[in-house]
């Protein structure tokens, strides 16, 4: 339903906005990763593209970091939906966004 | 665009003579080969053999016609043409790692060498001893210096390093020049003075370039970013996260426009908007001919879906002129403020000459400011 889509989108933006920027605490990072993974897996395939297009350049780079973090620690159904997020994020961020996941000094 | 395939191996580095009739290049070995243009053909006219390691940098001084080369053998040689033979003079750089890049200063009375020894050797000729000597710029460089470019005042030198930073140093040598007058980068310029240092990006700085006026410096890093520092705006840095693979070479073609190229095998235009202090992507300059779109059979569609998780018909072969990464760009005519032609060489062993006017008329959306 449209109301559910709106909630998922809002949760997504909140997760992106409140991503811990500079923390060294592994616990804080893991909590953020868990939250982000929950939000990403709660999306329906058809809703992903709209969510990605609502981000700015930095947002897309940040999303790509979380996607790869999600690949690192796969759960039962996470990889399938993450691959769909990856395809949409790649279309907007290009290969450069993946390069910046690999070269980042501050990881998520 | 004129593309010439010189080799089947990468061209490590290249340099042009003053009237652009000859090109000196390293064919991925310990030698430097000089080719001369004969109509539409290129003929090899000289082979310079002196280095004991790969030649990593070549620069050709336009006025004095001297060549300088540097290599992984930790040496640099200054070559002078005597009759029809190039004679080398060894320059002791006092480094214990490979030399990576070399540039003549604008007045050609000095040259700078960047190396894996985490320092820059500034070399000048000492008349009384008839010998090239060098001074070192060390602090605060923490890793290999990959690229260098001189400011038009012959004193300031920009250096890009593997420690992720772009820096501008003073390379003032009192033995060969007068005290420089103040610039937007600062007024006190004793040798080795750090005039500017960028804050950390996250990638090795592959290439760095001053604008023609010297008041702007641009660099490309391995994290797929392009940055520009504007001395006219208190050294404010504008940066652009590109959608491309990392860029390896960059040059100004006007005071506001840059051409960069790298692992995407294709030169690209970038524009600096001074009023807003932003950089933007201006388009790819290598537009391939339209490949014929043939329809896919249902079987092929299914195979694509299975193999690549998408059913688009994109070709697996490269449509660009260069078939491998472009590693160096040089301005041929017009200078860095009104460039009308530039040259690219790459890991495919090819060299291409690009004409700016032709690009502007062929690519309708291209705006070079």
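A short reminder: the numbers here are calculations on the coordinates, not readings from a lab. This one's a predicted model, so the numbers in the text were calculated from it and none came from an experiment. When we count neighbours, we look across all protein chains shown, and the Cβ atoms used for this are built from the backbone with ideal geometry, even at glycine.
Side notes on the structure shown:
- The lone criterion from (1) in contact with a strand residue (DSSP E or B) (Cβ under 7 Å, 6 or more places away or on another chain); (2) touching a residue at least 24 places away in the same chain (Cβ under 8 Å) left unmet by residue B:341 is number (2).
- Condition check for residue B:199: within 14 Å of another protein chain (Cβ to nearest Cβ), in a loop (DSSP other than H, G, I, E, B) and surrounded by fewer than 16 Cβ atoms within 10 Å (Cβ to Cβ): yes
- Here residue A:34 passes the criteria (1) touching a helix residue (DSSP H, G or I) at 6+ places or on another chain (Cβ under 9 Å); (2) more than 14 Å from chain B (Cβ to nearest Cβ) except the one numbered (1).
- Filter result (at the interface with chain A (Cβ under 10 Å from one of its Cβ atoms) and either in a strand (DSSP E or B) or over 15 Å from residue A:99 (Cβ atoms) (or both)) within the stretch B:227-272: B:240, B:241, B:247
- The set of residues in the stretch B:35-50 being within 23 Å of residue B:116 (Cα to Cα) and surrounded by 19 or more Cβ atoms within 10 Å (Cβ to Cβ) consists of B:50 alone.
- In the stretch B:213-226, the residue that is surrounded by the fewest Cβ atoms within 10 Å (Cβ to Cβ) out of those that are in contact with a helix residue (DSSP H, G or I) (Cβ under 7 Å, 6 or more places away or on another chain) and within 12 Å of chain A (Cβ to nearest Cβ) is B:223.
- Taken over the stretch B:169-182, the criterion of being surrounded by 19 or more Cβ atoms within 10 Å (Cβ to Cβ) and more than 24 Å from residue B:128 (Cα to Cα) is satisfied by B:169, B:170.
- Any hit, the stretch A:50-58, residues being surrounded by 19 or more Cβ atoms within 10 Å (Cβ to Cβ) and away from chain B (no Cβ under 13 Å): yes
- Every residue from the stretch A:66-108 that is within 8 Å of chain B (Cβ to nearest Cβ), within 13 Å of the chain's Cα centre (by Cα) and within 18 Å of residue B:224 (Cβ to Cβ): A:93, A:97
- Only a single item in (1) free of Cβ contacts under 8 Å to residues at least 24 places away in the same chain; (2) touching a helix residue (DSSP H, G or I) at 6+ places or on another chain (Cβ under 8 Å); (3) not in a helix (DSSP H, G or I) is not met by residue A:43, and it is number (1).
- Out of B:57, B:71, B:53, sole residue that is surrounded by fewer than 24 Cβ atoms within 10 Å (Cβ to Cβ) and closer than 24 Å to residue B:160 by Cβ: B:53
- Taken over the stretch B:117-138, the criterion of being under 15 Å from residue B:100 (Cα atoms) and out of contact with any strand residue (DSSP E or B) (no Cβ under 8 Å at 6 or more places or on another chain) is satisfied by B:117 alone.
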